[in-house]
Every structure is written in C-alpha cells, then in structure tokens.
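K.L.:
Mind looking over this structure? Questions follow.
The values are calculated or read from the model by the stated rules, or taken from the named source; none is laboratory data. No experiment lies behind these values; they were computed from the predicted model shown. No Cβ is skipped: glycine too gets one built from the backbone with ideal geometry, and neighbour counts run over all protein chains shown. Each accessible area value is taken on the protein alone, full model and side chains, heavy atoms only, with ligands, DNA and RNA left out. Shrake-Rupley method; radii C 1.70, N 1.55, O 1.52, S 1.80 Å.
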Amino acid sequence: MTGPRIALLGFSIECNRFAPPATEADFRGRCWVEGAALLEDARSPAPAALGEMPGFVQDMDAAGPWRPVPILLAMAEPNGPVEHAVFARMMATWRAGLEAARGALDGVYCVLHGAGLTTDLDDPEGALQGLVREVLGPGVPLVCSHDLHANVSDAMVRDCDGFVGYRTNPHVDMRARGAESAQLLRRIIGGTRTHLALRRLPIVAPTVSMLTAQGPYAEVIDLGQAMQAKDPARILNVSVMGGFAYGDTPFNGMAVIVTATDRGAAESLADTLALAAWERRGRFTARLTPLEDAVRLAKESPVPHIFADVADNPGGGGRGNTMAILEAFHAAGVEGCLVGIIHDPLVAAEAHRLGTGARFTARFNRPQGTLAADDPFSRPFAAEAEVVALSDGQVTGRRGLYAGTAVRLGPTAALRLGGITVVVTTHRHQCADPAFFEHLGLDIGAARAVVVKSRGHFRAGFDEFFPHERVVEVDGPGLTSPILDRFPWTRLPRPVLPIDPDTTWALPPRAAAV
C-alpha cells in the first residue's frame, strides 16, 4: 500500500480542578481504543469516540490510499484531574507505538481536549506533544485538534505544526474539525511550512458566555473566519479558544491561535482577533435566573421552558447529583416536568431490583454510596417514587454533541415523583441529547418543563423543542457554577476578568522573526 503513513493517538478529557480524580475506569467506560480497535471504532456507524477521530479517518479514507498507525485514543467524560499513574501508562503506550514506527512516519494526528490535568501535571497535552517531538524529532508533521474550551499552554503551540480548534458551542463540528485536520496534515506533508501565532488574554469567560450562535465569543470567531476567507492561501486555520475556568492552570485565559504559511500574516491576524476579544471583555459575564424565579416560571408560564442546571454540569466535571432544582420543583408541586439526568447508581439499582410499577422511597445521595463526606453539593433528598420505565442505558445519540455516538448510561430508570419524572443513571453524563429521555418512552414535546444537567450542549440537542428564548439558566450550587468568585483559585493567573474588574492588558511586543 502506498500513501502517507500517519500515527493516530489522542487524550481527551476536560478536567475540573475541584472534582474528584479520574481513574482508568473512567476512560475504559467511555472510550479506550488501541491499535486496530481504534480504526474499527472510527469507521463504525456509531463510534464510541467523539467525532474528531472518525472525521479524520473518514477524510483520509476518501482522499486516497494511506497507511494508518493507530496507537491509543483515550477519552473520558469531564472529571477531576487524571490519576497520574494512569496517564503515565498512557504515555508508555504512546511512546512504544511511536518508537516502533520511528523512521517510517510521514505525520502524526493527535486528538486532544486541551483542558486536561493530572494529579501531578497542569499540562498533560503539552507533555504528550513533547513526547511526540522527543521520539520523532522536529521533522515529522504533527497536527492536533482541540476542544474550544482548551487552556492553551505555550508547549501546545510550540510543538505542533497545525492547531485546529472547534468553532461551535454547543460542539457540533467535531467531525468537520477532524476532517480539517486531515486536510491540513496532508498539506503540510506535501511541503507547506507553517507558522503559529498565540495570543492569550486575561479573560476567563464564564461558560454560559461562550455560545457561538450569538454573543461576544461568536463575534470574535466569526471575525476570524471572515478574515481567513479573505486570505485562504496564507491563513490555514484560525482558532479562538474560550478556555475552561475550572482547570485553574497558570495558562488559563481566552486564546487566539493562528496557523499560517507566513509568520507576519499569523502574527497580524492574532493581534487583530485578540484586540477584538478585549474590546468585548465587559460582555463575558454570567446572568443566571434565581431558583425561586425558575420555580415560578415552571409553575405559571403558559409556554414550556427548558431549565439548565449549569452549576452541576457533568460536561464540566459536575457530579450530576445536586438536588437543589429537583427539590424546589418537587416542593412547589411543579407538574408535567421531566428532569434528567441524575447520576445515582444506588437509586438506579434499587429501581431495577423492584421493577416497573413499583413504588418506593427514592433516597438520593445516600452517604454509603454516591455521597462523599466532604462534598458540599451532593445533599441527600428523599421522595416517594414510582418506577415508570427501565433500560440498560445503551443509547445512540440523536442530535447535537452525541449525534451518532454510542453512549453507555448503565442501568437507567425513569421515576415519577408527583408531577415530575426523573431519569436516574448508573454512569455520569451530561443531559445533552433527547434520546436520554426518549429511549425510556418519555415525550419531551408533551412536557411543560424540562430540567437538564448541562451547561450548553443541551441547546443543540433540544432546540427542536425549545428555542433560545425559552432556555432558562438557573443559579444553583455545584462544581461548575459560572459565578467564578465562588471558587478557591490557586493557580489561575491574576488579575483576570471577570473576577478582577480592574484587569488591564495590552498586546505583547512582536517576537523577532526566526
């Protein structure tokens, strides 16, 4: 077989500094594929991996003969810092695979999130890219794709030849960015030389301020795409990374990365976009609805609404089990309401043991199970419940983030608590897809209110039911609250907006060309 020989690897997890550590089981329960299994998954109709690797592999397949060298792709749901011993084992696997192929590779593609942590490292993505350079040297092209919530270190830009970030939030362009990475890598393998420019700003934007359909973040991304379209021969990629506040790293901050064939063009465009972001700095704020107002709206509004529990988003490391909204809606007698998804393996197991139609007292966050003694958010709550549906939790996503992706929720139950039906799962996921309700026979279109534990990805899944004006972001407790002064930051560079309102910034001096 002819064609370029390309190594495939990846490490993708968004790490919340304040959440419990992630284990190897968190990766193996989501997506841990090595060798031939990586390619098999990428080419399957419902892969376990999110879209970047499938998009890359399918674009390479369509472009002509190539010789993939699949090593290891490890993905997990957002969590706390990865146990360092687990990451060290991954590094050993990547090293062995790269060393075995050394001298015969034309390029490397790496799927990264960009907001990873380990219990020892602030920058595991930079460490992985450094490993590639250590083993293969500077001459083998490396292209990396990233989530737009990446916290971008200097090493992440220094050690790659092409930086590709998502452009949509909710993330619906992952396959497209994987395909773009394949096209960019082929171009570099063909002889194109790249220059990367990085600008990092002292803006740690609250998660709810980083939508890409409208708002300040969307405006900067759109400006970058418009300017790239005017100069496609020189500007190969423009990525505006919003960052992930809860990573609490020394390099947190909104970042602009431009990949270009000309150093001057890269630096100039990076300057322009950084200034555009800074001009909009006062708009990167969180405006949430108080819980009591959300209760009133759920009871009294003549039209249905979707209520986002943004502070307990499993997609940002939240535990998915805070009870504040459920307890308040239940106490107020809200009717026709769906709530999902609550992560409580003990309640899910009890419902399965009792069977459909059973009535029991559902006791959430029991101390001997999912509740840690020092967890200030996972408060117990108990209510009389009826088991209305059960499933094994094997779901294929239908829309948005999880569209076409195989998701394993584990044994799952729908419980009726008065006028509220709650979906309870064994495995922790954010509620970003209607299929998480629908596979249990629940009718979203008939609900007067829907509560989702998600920060923003639910918008791409549920927008067929709830337009933007019927989305309510509720202020509640949790590990992903967009009210950033509630967290005990230790590594975050200060001063930074919006926490420190007197923060100043100016463009750095241009580095001399080399």
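K.L.:
Over the chain, give the accessible area per residue in Å² for a 1.4 Å probe, as an integer.
P.N.:
For the chain, the solvent-accessible area averages 36 Å² per residue.
K.L.:
By the gyration tensor of its Cα atoms, with a ≥ b ≥ c the square roots of the eigenvalues, what is the shape of region 158-217: rounded for a/c under 1.5, prolate for a/b over b/c, or oblate?
P.N.:
Because a/c hits 1.5 or more and a/b fails to exceed b/c, region 158-217 counts as oblate.
K.L.:
Apply the a/c threshold of 1.5 to the C-alpha gyration tensor of region 294-393 and tell me whether it is rounded, prolate or oblate.
P.N.:
Oblate is the answer for region 294-393, as a/c is 1.5 or above yet b/c matches or exceeds a/b.
K.L.:
How many angstrom separate the Cα center of region 406-444 from the Cα center of region 472-513?
P.N.:
Region 406-444 and region 472-513 have Cα centres spaced 34 Å from each other.
K.L.:
How are the Cα pair distances of the chain distributed, in percent, across 20 Å bins from 0?
P.N.:
24, 55, 20, 1
K.L.:
Sorted from largest to smallest, which semi-axis lengths in Å does the alpha carbon gyration tensor of region 218-324 give for its equivalent ellipsoid, taking the root of 5 times each eigenvalue?
P.N.:
Values: eigenvalues 292, 58, 31 Å².
Taking √(5λ) for each eigenvalue gives 38, 17, 12 Å, largest first.
K.L.:
Leaving out ligands, DNA and RNA, and with a 1.4 Å probe, what % of the accessible surface on region 142-186 is carbon or sulfur?
P.N.:
Numbers: 490 of 1030 Å².
Result for region 142-186: 48 percent of the exposed heavy-atom area is carbon or sulfur.
K.L.:
How much of the accessible area of region 211-273, in percent, comes from carbon and sulfur atoms when a 1.4 Å probe is used? Mind dumping the intermediate values first?
P.N.:
On the way: 980 of 1770 Å².
The computed percentage sits at 55.
K.L.:
Here is a further query. P(r) tail for region 385-514, what percent of Cα pairs lie past 20 Å?
P.N.:
Cα-Cα pairs in region 385-514 separated by more than 20 Å: 59 percent.
K.L.:
So what does log10 I(q)/I(0) come out to for region 1-144 at q = 0.14, 0.20, 0.21 Å⁻¹, using the Debye formula with one equal point on every Cα and no solvent?
P.N.:
-0.62, -1.22, -1.32
K.L.:
Now, a different point. Place a point 7 Å from Cα of residue 134 in the direction of its Cβ. Which residues in region 74-102 have their backbone N less than 15 Å from it?
P.N.:
Within reach of a label on residue 134, which here means backbone N under 15 Å from a point 7 Å along Cα→Cβ, region 74-102 contributes 85, 87-100.
K.L.:
Right, another one. Show me the three semi-axes of the equivalent ellipsoid for region 119-167, from the C-alpha gyration tensor (sqrt of 5 times each eigenvalue), largest first, rounded to whole Å.
P.N.:
Its equivalent ellipsoid spans semi-axes of 18, 15, 7 Å.
K.L.:
Once neighbouring chains are kept in place and the probe is 1.4 Å, which whole percent of the accessible area of region 25-77 is contributed by carbon and sulfur?
P.N.:
Answer for region 25-77 is 55 percent, counting heavy atoms of protein chains only.
K.L.:
Rounded to a whole number of µm²/s, how large is the Stokes-Einstein D of region 37-114 at 20 °C and 1.002 mPa s, given Rh as the Kirkwood radius over C-alpha pairs?
P.N.:
Rounded to a whole number, D works out at 152 µm²/s.
K.L.:
Express in Å², to the nearest 10, the accessible area of residue 326 obtained by rolling a 1.4 Å probe over the protein heavy atoms while all chains stay in place.
P.N.:
10 Å²
K.L.:
Rounded to the nearest 0.05, what FRET efficiency is calculated for residue 120 and residue 494 with R0 set to 25 Å and r the Cβ-Cβ distance?
P.N.:
0.60
K.L.:
Once a ≥ b ≥ c are taken as the square roots of the eigenvalues of the Cα gyration tensor of region 456-514, is the result rounded (a/c under 1.5), prolate (a/b larger than b/c) or oblate (a/b not larger than b/c)? Provide the component values of the computation, followed by the final result.
P.N.:
Numbers: a/c = 3.02, a/b = 1.68, b/c = 1.79.
Here region 456-514 falls in the oblate category.
K.L.:
Taking the simple approach of a point 7 Å from Cα along Cα-to-Cβ for both residue 283 and residue 299, what is their distance in nm?
P.N.:
Spacing of the two 7 Å Cα→Cβ label points: 3.7 nm.
K.L.:
What is the spin-label model distance, in nm, from residue 154 to residue 483 if the labels are put 7 Å beyond Cα along the C-beta direction?
P.N.:
Result: 3.7 nm between the two label points.
K.L.:
Choose one of 53, 6, 74: the residue whose Cα lies farthest towards the positive end of the charge dipole of the chain (beta-carbon charges +1 Lys, Arg; -1 Asp, Glu; about the Cα centre).
P.N.:
Value: 6.
K.L.:
Describe numerically, in nm with one decimal, the distance between label points set 7 Å from Cα along Cα→Cβ at residue 465 and at residue 222.
P.N.:
It works out to 2.9 nm between the two label points.
K.L.:
So how far, in whole Å, is the C-alpha centre of region 33-92 from the one of region 234-266?
P.N.:
23 Å
K.L.:
Got the relative contact order for region 258-408 handy, in percent, Cα pairs under 8 Å and 6 or more residues apart?
P.N.:
With pairs under 8 Å counted, the relative contact order is 15 percent.
K.L.:
As I understand it, the dipole of region 172-320 uses +1 on the Cβ of Lys and Arg and -1 on the Cβ of Asp and Glu, about the Cα centre. Which of 269, 286, 244 lies farthest toward its positive end?
P.N.:
Farthest towards the positive end: 269.
K.L.:
For region 1-76, what is the relative contact order in percent, using Cα pairs closer than 8 Å and at least 6 residues apart in sequence?
P.N.:
Computed value for region 1-76: 59 percent relative contact order.
K.L.:
If you don't mind, there's one more thing I want to ask. Could you calculate the contour length gain from residue 18 to residue 89, that is, 0.36 nm times the residue separation minus the distance between their Cα atoms, to one decimal place in nm? The partial results should precede the final answer.
P.N.:
Details: separation 71, 0.36 × 71 = 25.56 nm, distance 2.36 nm.
Taking residue 18 through residue 89 to full extension adds about 23.2 nm, to one decimal.
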